[in-house]
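The values are calculated or read from the model by the stated rules, or taken from the named source; none is laboratory data. These numbers come from a predicted model, not from an experiment. In this analysis, Cβ positions are derived from the backbone assuming ideal geometry, glycine residues included, and neighbour counts consider all displayed protein chains.
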Amino acid sequence: MTRIRTILSAVAGAVIGAHIGISPAPELLAVTAILPLLWCIAGSRLSAFALAIAYYLTAARGVPLGAATFFGDGRPNALALGVLLWCLSSVALAAPWALLWSGNKSIPQKILRLCAVYIVITIPPIGLFGWASPLLASGILFPRTSWLGIAAMTVLPPIIARATKTRKVVSVMFPCTFIIYICVQAYIMPFCVISPAGFTALNTHHAKSASGSAHFTDAFIRTTDIVDDILVQKAAYILLPETIAGAWTHASKQLWLPVGEYLAKRGQTLIVGAEVYDENLQYDNCMIFLGKDDNPIYRQRVPVPISMWRPFGGKGTANAYWLDGGRIMLKDGRTAVCLLCYEQYIAWPILLSMLKGKADMLICSANQWWSRDTSIPNIQIQSSKSWSTLFSLKYVSASNS
């Protein structure tokens, strides 16, 4: 019987995880709310682990191929590294669900343990790999509720799980109603986000050449290709994808600063992705504001572990700013929360930003050349739109593929 329960838990976790990235529709994330509910009624620690590991492995199914492309254009050793990262990160995220599980039926204890799980999978170091957080469901099930939505995702599963243990008709109707509500939000109700006034985003298709490690010649070609598109825009703010300007050197500044000066005369601002290197050849992955808003620079707080940020540093390593608020004050008085690529997948950056207070919009920028044939771009869209809906943020995003 225990073996059957473990297998059923794994199957359930995989089915829930399959809703992550199956399409860019954020409403499918509502189904992830079933994960903590099933965890609360799991019959054993092994079942709890099987549920969680199957969920994370399925949700992050695009990592092996994406990592293989990023590290080595699909070569066998790069694929093996991708598989290793996929497995290790999934185990790290699943472990708290197993270790903090308890057979104790006390609702307060279940709530405290579930809260502890959320904290462990959100904050660094495990939070650096915290893809597909079940907290994403709060943006779909409880839109515009901010921290109350997260509180609901913590309190409701233990209460509903306890109701399933009774035989009273009224108590049984409670979990049934919750499941029906999840299904309605996931499959029936429409979902939309609102773009901030005065913003436009330009997506590009420069493939790998948009990486900041590309040669200056590639950066020059990209710039000349996109400048014409920039100059015909009428919006006050023009958002470009991550690292589209390449390395932010004296030479690249000669290409982009005149564009910014021209836009400033027209009362416009250009937000361009670039990598700013220091004297040690370590870099900040940035959104640089040119034009009317000529001061802010957003530095990526959580670069991709291993591929960008490495624990022991060295040349070519991205700097991390894990504790920064990630908020930019625009000259028109609005507050923007910024998320650069990988930061859109995990909970830590957005939650830390919103701890600093209310904001008006979420500005997202990404470079998806390495993940375009996987489920990863869909996950990025699902996650960022869910966060924006939870915290009532206007949403704008630009990507390169």
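Key figures for this structure:
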item	result
Meets criteria (part of a loop (DSSP other than H, G, I, E, B) and under 23 Å from residue 339 (Cβ atoms)) for residue 276	no
Number of positions in the stretch 281-337 that are more than 26 Å from residue 123 (Cα to Cα) and either over 22 Å from the mean Cα position of the chain (by Cα) or outside any strand (DSSP E or B) (or both)	15
Where residue 258 falls short, out of the listed (1) assigned to a strand (DSSP E or B); (2) at pLDDT below 95	(1)
Residues satisfying the stated conditions in the stretch 365-398, i.e. within 14 Å of the chain's Cα centre (by Cα), in a strand (DSSP E or B) and either under 24 Å from residue 86 (Cβ atoms) or charged (D, E, K, R) (or both)	366, 367
Test: residue 362 is buried (at least 16 other Cβ atoms within 10 Å of the Cβ), hydrophobic (A, V, I, L, M, F, W, C), touching a helix residue (DSSP H, G or I) at 6+ places or on another chain (Cβ under 8 Å) and assigned to a helix (DSSP H, G or I)	no
Filter result (closer than 14 Å to residue 153 by Cβ, part of a loop (DSSP other than H, G, I, E, B) and free of Cβ contacts under 8 Å to residues at least 60 places away in the same chain) within the stretch 108-134	none
In the stretch 327-344, the residues that are at pLDDT 95 or above and within 30 Å of residue 61 (Cβ to Cβ)	337, 338, 339, 340, 343, 344
Any hit, the stretch 100-107, residues being in contact (Cβ under 8 Å) with a residue 40 or more places away in the chain, part of a loop (DSSP other than H, G, I, E, B), in contact with a Leu (Cβ under 8 Å, 6 or more places away or on another chain) and closer than 26 Å to residue 181 by Cα	no
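Quick grid of which residues meet (1) outside the structural domain of residue 94 (by TED's automatic domain parsing); (2) crowded, with 21+ Cβ neighbours inside 10 Å; (3) closer than 17 Å to residue 135 by Cβ; (4) touching an Asp or Glu at 6+ places or on another chain (Cβ under 9 Å):
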| site | (1), (2), (3), (4) |
| --- | --- |
| 13 | no, yes, yes, no |
| 17 | no, yes, yes, no |
| 29 | no, yes, yes, no |
| 41 | no, no, no, no |
| 46 | no, no, no, no |
| 49 | no, yes, no, no |
| 55 | no, yes, yes, no |
| 59 | no, yes, yes, no |
| 64 | no, no, no, no |
